[in-house]
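The next block holds one structure in the form of structure tokens; read it before the comments.
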Amino acid sequence: MVHRLSQFLLLMNYVMYLLLEETSTPVSKQHCYGVGAEHLELPEVALKHRSSVGPSKPVSQPRRNIVGCRIQHGWREGNGPVTQWKGTVLDQVPVNPSLYLIKYDGFDCVYGLELNKDERVSALEVLPDRVATSRISDAHLADTMIGKAVEHMFETEDGSKDEWRGMVLARAPVMNTWFYITYEKDPVLYMYQLLDDYKEGDLRIMPDSNDSPPAEREPGEVVDSLVGKQVEYAKEDGSKRTGMVIHQVEAKPSVYFIKFDDDFHIYVYDLVKTS
């Protein structure tokens with residue numbers, strides 16, 4: 001795991017999210033599913049409505065459908081050298097068709113990039129090799145672990161084991177033996193072959209708690225989705241960050257993916273709309 005705990009602590013210091021009006025576009029977040037020992041806990045913040053917001057700018061349609069394709073391209077940050085990246089395009093975000101979710105070779109987290117618009121991307125090439133499809137070895141276990149809190153063990157450089165508490169969010173698209181997962185220490189979107197880790201004893205599904213049952217809905221009640229909403233938050237130093245809610249997790253409908261404008265990681269939060 002390459003992300004540091006300091007990133008998580010910084011997220012905990014956010015003052016608030018500001019939810020834009022329904023006439024514009026996205027949201028809020030809270031912590032995840034109780035504070036019992038068997039629950040994953042994510043950063044908690046509050047939201048407000050904000051007025052006097054202008055229309056969002058339109059996004060252009062991409063030239064072709066590259067979801068499921070293998071790609072490679074150059075990448076240059078500022079005046080630094082051009083580095084070469086190769087990976088698999090997992091998804092195209094419906095609320096921002098310019099944005100793609102990508103799993104790069106050798107990296108565990110999912111990246112979000114506007115491949116055809118980002119000036120840091122160069123020489124984008126769709127490769128002829130196909131993504132291999134594999135059969136899930138245990139479909140029942142795969143379905144069982146989705147939406148569950150887990151303890152995931154990683155081996156450190158000195159050979160010791162480091163435990164990360166997380167939540168399995170969904171099966172990953174395209175790469176069908178992989179799963180989306182996020183962690184208490186680092187609430188960004190990762191993906192791993194969790195069935196292998198489970199069978200090797202490196203993943204433990206935590207028991208459900210009877211202390212915090214899910215909230216019941218009234219018959220016919222419709223829960224508003226926050227997908228497509230623009231978000232803005234203010235940090236303690238007065239700086240602000242903006243982004244968009246791009247996905248709602250089916251197994252946990254209050255959990256969403258957020259893509260911030262100044263970051264290519266995908267953040268995962270339990271969002272709660274407030275007045």
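Remarks
- Evaluation of GLU236 against the conditions (1) at pLDDT below 85; (2) within 23 Å of CYS109 (Cα to Cα) shows that the sole unmet condition is (2).
- Scanning region 227-268 for residues that are in contact with a His (Cβ under 9 Å, 6 or more places away or on another chain) and aromatic (Phe, Trp, Tyr) yields a count of 2.
- Flag if ALA251 is among the hydrophobic types (A, V, I, L, M, F, W, C), modelled with pLDDT of 85 or more and either outside any loop (DSSP other than H, G, I, E, B) or not assigned by the TED database to the domain that holds CYS109 (or both): yes
The values are calculated or read from the model by the stated rules, or taken from the named source; none is laboratory data. Computed from a predicted structure; not experimentally measured. With ideal geometry, Cβ positions are generated from the backbone for all residues, glycine too; neighbour counts draw on all protein chains shown.
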